[in-house]
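The structure under discussion appears below in the form of structure tokens.
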Amino acid sequence: QVQLVESGGGLVQPGGSLRLSCVASGRSLSEYAMGWFRQAPGKEREFVASINWTGDSIIYGDSVRGRFTISRDNAKNMVYLQMDSLKPEDTAVYYCNTGVFAPATMLRNGGRYWGPGTQVTVSS
């Protein structure tokens, strides 16, 4: 079992930046990919970004590509999401995810382990 806990959410003005963090604990991550999804009120869950164990395979969702950057620190069991040029439509609960090996698999299905989520609100 893997436990995930997100942090770093909050209220930010349009055009601003936030950095989300997610720490994993429990069993070994076993070279899992890690990533982020988000869900806004009344909308379906949306894939945001995923990164593989070695960091050389990264996928971004179309709506965040060029503005968000995912990274990870395997020694600390951490994954990060740097969010720049934030827009009101980025407002959502952001969830950390793992449990699959390939970012492409996470994009299609999501992994089996989820964090409780952290709220990001972009508003003036």
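The values are calculated or read from the model by the stated rules, or taken from the named source; none is laboratory data. In this text the structure is predicted, and so the values were computed from the model without any measurement. Methodologically, a virtual Cβ is constructed for each residue, glycine included, from the backbone with ideal geometry; neighbour enumeration extends over all protein chains shown. To get the accessible areas, we keep the full protein, side chains included, count just its heavy atoms, and leave off ligands, DNA and RNA. Shrake-Rupley method; radii C 1.70, N 1.55, O 1.52, S 1.80 Å.
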Notebook entry, point to check: Does at least one position in the stretch 85-94 carry a residue that is of a type in the set (Asp, Glu), farther than 29 Å from Ser123 by Cβ and surrounded by fewer than 15 Cβ atoms within 10 Å (Cβ to Cβ)?
Noted result: no
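Matching residues to (1) more than 17 Å from Gly10 (Cβ to Cβ); (2) touching a residue at least 40 places away in the same chain (Cβ under 8 Å):
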| site | (1), (2) |
| --- | --- |
| Arg38 | no, yes |
| Ser50 | yes, yes |
| Asn77 | yes, yes |
| Arg108 | yes, no |
| Val122 | no, yes |
Item checked: Test: residue in the stretch 48-55 that is within 14 Å of the chain's Cα centre (by Cα) and of a type in the set (Phe, Trp, Tyr) -> no
Note to self: I'd like to verify a number: residues in the stretch 1-59 that are open to solvent by 60 Å² or more (accessible area, probe 1.4 Å), over 17 Å from Tyr113 (Cα atoms) and not in a loop (DSSP other than H, G, I, E, B), how many?
What the structure shows: 3
Checklist line | Verdict on Ala75 being among the small types (Gly, Ala, Ser) and surrounded by 15 or more Cβ atoms within 10 Å (Cβ to Cβ) | finding: no
Check: Which one is farthest from the chain's Cα centre (by Cα) among residues in the stretch 68-82 that are assigned to a strand (DSSP E or B) and under 19 Å from Gly26 (Cβ atoms)?
Finding: Asp73
Margin query: Being open to solvent by 50 Å² or more (accessible area, probe 1.4 Å) and either in a loop (DSSP other than H, G, I, E, B) or touching a Lys or Arg at 6+ places or on another chain (Cβ under 6 Å) (or both) is true for just one of Arg65, Arg108. Which residue is that?
Written below: Arg65
